[in-house]
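The values are calculated or read from the model by the stated rules, or taken from the named source; none is laboratory data. Being a predicted model, the structure only gives us computed values, none of them experimental. We place every Cβ from the backbone using ideal geometry, glycine too, and count neighbours over all the protein chains shown.
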Amino acid sequence: MEGIYIRALSNVSFLRTSDDTFRKYFPVRRSTIPMEEQRRNTGSLSLVRAKQSKSIYEAALLTHETSDPEALLKVKQWEVEMYQEELAKRDGIRIRRRPPTGPPSNYVGPFEMCLQNEGDTPRNILEEIIWTKHTEVSQLKERRPLHVLKKAIENTPVRDFVGALKNSYLRTGLPALIAEVKKASPSRGVLREDFDPIQIAQAYEKAGAACLSVLTDKKYFQGSFENLEAIRNAGIKCPLLCKEFIVDVWQIYYARTKGADAVLLIAAVLPDLDISYMIKICKMLGLATLVEVHDEREMDRVLQIDGIELIGINNRNLETFEVDTSNTKKLLEGERGEIIRQKDIIVVGESGMFTPDDISYVQATGVKAMEYCDIKCDCKGSGRISSKWIVSFQHQ
């Protein structure tokens, strides 16, 4: 929360604390208001962490009398967001969930505030996507509240995503294929001009894919939840993974209403508590969760979370968007690989598999499934996917 400065006007007290784990939200000056006068103040109290100097951390109790429910709701939402940021920092998450901002404009109370614009630019493409998604979801939630979504999913069946991967692996001895229905990506641009999600899904299924992964992000991948719903309603039997950038439980319910059988959770974005909570929600809804990791730290975090059945290893660097298939091998070596085997977790290889050699390399690491997007998939002909790996898979 860099670049926020406040000046106390009245009704402010400060409590000294020795807790040096507090995040430095606000540089502040100690109030000169007598404590007796401050104790007589009433209103809603909100703890805001503050720093007075390099060695002394303070907690400022901001008193703000208001009867406006909308203002109080915004304050509460801001407090929750700050708590989420604390959890993310604790877990070593570098991707910020939203641009750095101060409290809501109507939450000034006894302060005059000045916001600086430092740090309000996304540091990489994933962070840019997440910031956009945060705004997008906030708007969608207003149009379709959670209670409406809950009613929409009553008596709607789901298919066994994890079971489909296991059965495919046991039947063929090869990693199960999660075939990706994707029109475009930030790194490669438009992959198919003649994009027809239903025809592509049918071709993948005919070629022997165990499951399908459907991109639903509109701005960066030119996908949509309508594509997911259309594939589900077209009679495709493969279980469907909703490949969305999830930042809110609302998205899980929404994916369920559109026909998803599984959802993606990205460890680079979500703190451990969020992942754990979302897994429980998914189990309640009958959905599988594919938890995606990019490096050793994320893998170590995820392996400590209960209820993990699927881990996706993304070979794409979040900072540069370059791919390195050796990342899969690195994350499965030694003790980590042993823990994965003991917990019977299915590992999915993701990104960077553009040639049969790439696929063979990742397959040799011991993964039991791979996510693969074939831009040359023959939608109108035999249905075969161009990769030699999936062709051999067809004729086992």
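Tell me, please, whether a residue that is over 16 Å from I345 (Cα atoms), of a type in the set (D, E, K, R) and touching a Lys or Arg at 6+ places or on another chain (Cβ under 6 Å) can be found in the range 276-290. Within the range 276-290, none of the residues are over 16 Å from I345 (Cα atoms), of a type in the set (D, E, K, R) and touching a Lys or Arg at 6+ places or on another chain (Cβ under 6 Å). Scanning the range 301-350 for residues that are of a type in the set (D, E) and more than 24 Å from I279 (Cβ to Cβ) turns up E319, E322, D324, E333.
Are any of the residues in the range 327-345 closer than 22 Å to A255 by Cβ, in contact with a Gly (Cβ under 8 Å, 6 or more places away or on another chain) and hydrophobic (A, V, I, L, M, F, W, C)? Looking for residues that are closer than 22 Å to A255 by Cβ, in contact with a Gly (Cβ under 8 Å, 6 or more places away or on another chain) and hydrophobic (A, V, I, L, M, F, W, C), one finds none in the range 327-345, hence no. Can L303 be described as modelled with pLDDT of 95 or more, surrounded by fewer than 20 Cβ atoms within 10 Å (Cβ to Cβ) and not hydroxyl-bearing (S, T, Y)? It is true that L303 is modelled with pLDDT of 95 or more, surrounded by fewer than 20 Cβ atoms within 10 Å (Cβ to Cβ) and not hydroxyl-bearing (S, T, Y).
Count of the range 269-284 residues, restricted to those that are surrounded by fewer than 19 Cβ atoms within 10 Å (Cβ to Cβ) and not polar (S, T, N, Q), is 7. The listed residues are L170, L126, L146, L140, and the only one of them that is out of contact with any His (no Cβ under 7 Å at 6 or more places or on another chain) and within 23 Å of N314 (Cα to Cα) turns out to be L126. Inclusion of D274 among residues that are out of contact with any helix residue (DSSP H, G or I) (no Cβ under 6 Å at 6 or more places or on another chain), under 20 Å from I339 (Cα atoms) and assigned to a helix (DSSP H, G or I) is not warranted.
Residues considered: I252, I236, I246, I200. Of these, the only one that is more than 22 Å from C282 (Cβ to Cβ), among the β-branched types (V, I, T) and crowded, with 18+ Cβ neighbours inside 10 Å is I200.
Can you go through A260, A255 and tell me which one is assigned to a loop (DSSP other than H, G, I, E, B), out of contact with any Pro (no Cβ under 8 Å at 6 or more places or on another chain) and either of a type in the set (A, V, I, L, M) or in the same structural domain as P197 (by TED's automatic domain parsing) (or both)? Reasoning before the result, please.
On the way: A255 fails: assigned to a loop (DSSP other than H, G, I, E, B).
Matching residue, one of A260, A255: A260.
With respect to E205, determine if the residue is under 23 Å from L318 (Cβ atoms) and either assigned by TED's automatic domain parsing to the domain that holds I359 or in contact with a helix residue (DSSP H, G or I) (Cβ under 7 Å, 6 or more places away or on another chain) (or both). Quick ask: steps written out before the conclusion?
Values: under 23 Å from L318 (Cβ atoms): no; either assigned by TED's automatic domain parsing to the domain that holds I359 or in contact with a helix residue (DSSP H, G or I) (Cβ under 7 Å, 6 or more places away or on another chain) (or both): yes.
The answer is no for E205.
Take residues that are of a type in the set (A, V, I, L, M), in contact (Cβ under 8 Å) with a residue 60 or more places away in the chain and more than 15 Å from M370 (Cα to Cα) and tell me which of the helices (runs of 4 or more DSSP H) falling wholly in the range 128-234 contain 1 or more. First the steps, then the outcome.
Working: elements: 146-152, 161-172, 197-207, 225-233.
The qualifying helices (runs of 4 or more DSSP H) are 146-152, 197-207.
Any residue that is within 21 Å of the chain's Cα centre (by Cα), at pLDDT below 95 and within 30 Å of E319 (Cα to Cα) - is there at least one of those in the range 259-268? It would help to see each step written out before you state the result.
The first filter runs over the range 259-268 and keeps only residues within 21 Å of the chain's Cα centre (by Cα), leaving 259-268.
In the following step, the residues that additionally are at pLDDT below 95 were identified as 268.
Keeping just the survivors that are within 30 Å of E319 (Cα to Cα) gives 268.
Yes, the range 259-268 has at least one match.
When N327 is tested against (1) surrounded by fewer than 22 Cβ atoms within 10 Å (Cβ to Cβ); (2) part of a helix (DSSP H, G or I); (3) modelled with pLDDT of 85 or more, only condition (1) is not met. Counting only residues that are assigned by TED's automatic domain parsing to the domain that holds Y220 and at pLDDT below 90, which one in the range 125-156 is nearest to T320 (Cα to Cα)? Filtering the range 125-156 for residues that are assigned by TED's automatic domain parsing to the domain that holds Y220 and at pLDDT below 90, the one nearest to T320 (Cα to Cα) comes out as T156.
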